[in-house]
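The structure appears below as structure tokens.
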Ligand SMILES: Cc1ncc(COP(=O)(O)O)c(C=O)c1O
């Protein structure tokens, strides 16, 4: 079945044994009664371990990523933490892209390092950099593509092959692309992780995360730790994410169309010296992005001339684009990585990566594109 059909139906087939609900109800029960001690009703015991609304969401998420299995979490960071605690032990090593979401770097550097895990950061646009960083104790290669905020694109298939050859799994944080634009498992990766807070939920009204894989042993281990660590989403959160995911394919088309219009506008504007968007022909990995992604997506960043003072004036002049962290919702957002999402990255590291004071990141929503362009023009004036 096509993506749109699965987005609407998978995991939410009418339950004719119950009341035939077309939309899965919000099952608020914390525990489930059984007729006999050894016979849980429909396998359900306790809502941390399993809940009908969450199970519906997990079936939907697996289907959207073409995965055998999916697990839902209370946030993207909860998904990442549970995955890494399932995969890593003291003395292990991870190779990671160097332009990662700041919260992921914080988890690696400030939390997991304390348990004796070592990390090497590389530019994953160069497959040979990954190969050179692999060690006998490397257990995972962690990628984002496109990256946040510089929109670098790496070759997920080629890197997954190198990692597999070295006995390491490949994890792709697929939050920026969403499962509609890119399916890492189809390209050879072992695991896809998502902040479902972003495109999958799509309405900036819920925080959630997910892990998807087709490797059953890994799934069982993450599922064990999902229950052991307990960072599960509430039934209401699961309902919101299920509901949002039904229109993912429609929203991603509009996000991509409008972001392309914004990227083209900014790349012609004299106040910007560069625009980072995989849908622009000038993007260094334009052909790879075209091969790997269905559409270029709703995220882009641009370098403003005049540094922080110019950025401040520009942000203050915007009306439709709200100045806010996060991304992937129906409403357009704009943020300044150096003082917002990446403020915790030391200035020297930021500058080395190319995240300067003039960089502005846009999450282009699904409003009418002409209104978005008018807002940008007016703020730039
Ligand atoms: C790429 C990426 N991965 C993971 C996360 C973490 O997700 P959450 O905020 O849902 O914990 C974020 C949050 O901004 C993100 O942008």
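Checking each residue in the stretch 166-197 for being crowded, with 24+ Cβ neighbours inside 10 Å, assigned to a strand (DSSP E or B) and more than 8 Å from the chain's Cα centre (by Cα) picks out 170, 171, 172, 191, 192.
Each row is one residue, and each column tells you yes or no for (1) more than 16 Å from the ligand (Cβ to nearest atom); (2) at pLDDT 95 or above; (3) over 23 Å from the mean Cα position of the chain (by Cα); (4) surrounded by 15 or more Cβ atoms within 10 Å (Cβ to Cβ).
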site	(1), (2), (3), (4)
288	yes, yes, no, yes
305	yes, yes, yes, no
321	yes, yes, no, yes
346	yes, no, yes, no
358	yes, yes, yes, yes
361	no, yes, no, yes
372	yes, yes, yes, yes
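Is it the case, given these coordinates, that residue 56 is more than 16 Å from the ligand (Cβ to nearest atom), in the same structural domain as residue 223 (by TED's automatic domain parsing), closer than 21 Å to residue 188 by Cβ and touching a helix residue (DSSP H, G or I) at 6+ places or on another chain (Cβ under 9 Å)? No. Filtered by the rule that a residue be surrounded by 20 or more Cβ atoms within 10 Å (Cβ to Cβ), more than 14 Å from the ligand (Cβ to nearest atom) and under 16 Å from residue 221 (Cβ atoms), the stretch 60-85 gives 67, 69, 70, 71. Checked against (1) touching a strand residue (DSSP E or B) at 6+ places or on another chain (Cβ under 9 Å); (2) closer than 30 Å to residue 180 by Cβ, residue 106 passes all but a single condition, namely (1).
Here's the yes/no breakdown for (1) farther than 30 Å from residue 283 by Cβ; (2) assigned to a helix (DSSP H, G or I); (3) over 18 Å from the mean Cα position of the chain (by Cα); (4) in the same structural domain as residue 324 (by TED's automatic domain parsing):
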{"site": "207", "(1), (2), (3), (4)": "yes, no, no, no"}
{"site": "211", "(1), (2), (3), (4)": "no, no, no, no"}
{"site": "228", "(1), (2), (3), (4)": "yes, yes, yes, no"}
{"site": "258", "(1), (2), (3), (4)": "no, yes, yes, yes"}
{"site": "265", "(1), (2), (3), (4)": "no, yes, yes, yes"}
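For (1) out of contact with any strand residue (DSSP E or B) (no Cβ under 7 Å at 6 or more places or on another chain); (2) surrounded by fewer than 19 Cβ atoms within 10 Å (Cβ to Cβ), each residue gets a yes or a no:
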position	(1), (2)
124	no, no
128	yes, yes
135	no, yes
139	no, no
143	no, no
147	no, no
155	yes, no
159	no, no
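Annotation: residue 291 fulfils all but one of (1) more than 24 Å from residue 376 (Cβ to Cβ); (2) in contact with a helix residue (DSSP H, G or I) (Cβ under 8 Å, 6 or more places away or on another chain); the unmet one is (2). Among the residues of the stretch 4-24, those that are exposed (fewer than 14 other Cβ atoms within 10 Å of the Cβ), in a loop (DSSP other than H, G, I, E, B) and either outside the structural domain of residue 237 (by TED's automatic domain parsing) or without any contact (Cβ under 8 Å) to a residue 12 or more places away in the chain (or both) comprise 13, 14, 16, 17, 18, 19, 20, 21, 22. Somewhere in the stretch 241-255, is a residue in a strand (DSSP E or B) and more than 16 Å from the ligand (Cβ to nearest atom)? So far as the stretch 241-255 goes, no, none of its residues is in a strand (DSSP E or B) and more than 16 Å from the ligand (Cβ to nearest atom).
Scanning the stretch 156-193 for residues that are more than 15 Å from the ligand (Cβ to nearest atom) and at positive phi returns 167, 188.
When you go through (1) more than 10 Å from the ligand (Cβ to nearest atom); (2) under 19 Å from residue 239 (Cα atoms) one by one for residue 210, which number turns out not to apply? Here residue 210 meets the rest and fails (1).
Any residue in the stretch 194-206 that is more than 30 Å from residue 365 (Cβ to Cβ), in contact (Cβ under 8 Å) with a residue 24 or more places away in the chain and either more than 14 Å from the ligand (Cβ to nearest atom) or touching a helix residue (DSSP H, G or I) at 6+ places or on another chain (Cβ under 6 Å) (or both)? Checking the stretch 194-206: not a single residue is more than 30 Å from residue 365 (Cβ to Cβ), in contact (Cβ under 8 Å) with a residue 24 or more places away in the chain and either more than 14 Å from the ligand (Cβ to nearest atom) or touching a helix residue (DSSP H, G or I) at 6+ places or on another chain (Cβ under 6 Å) (or both).
Out of the residues in the stretch 142-155 that are more than 10 Å from the ligand (Cβ to nearest atom) and part of a strand (DSSP E or B), state the one that is farthest from residue 295 (Cα to Cα). Top of the filtered list is 142. The one condition from (1) outside the structural domain of residue 25 (by TED's automatic domain parsing); (2) closer than 21 Å to residue 177 by Cβ; (3) surrounded by 17 or more Cβ atoms within 10 Å (Cβ to Cβ) that residue 314 does not meet is (2).
The values are calculated or read from the model by the stated rules, or taken from the named source; none is laboratory data. These figures come from a predicted structure and were not determined experimentally. Every residue, glycine as well, gets a Cβ built from its backbone with ideal geometry; the counts of neighbours run over all protein chains shown.
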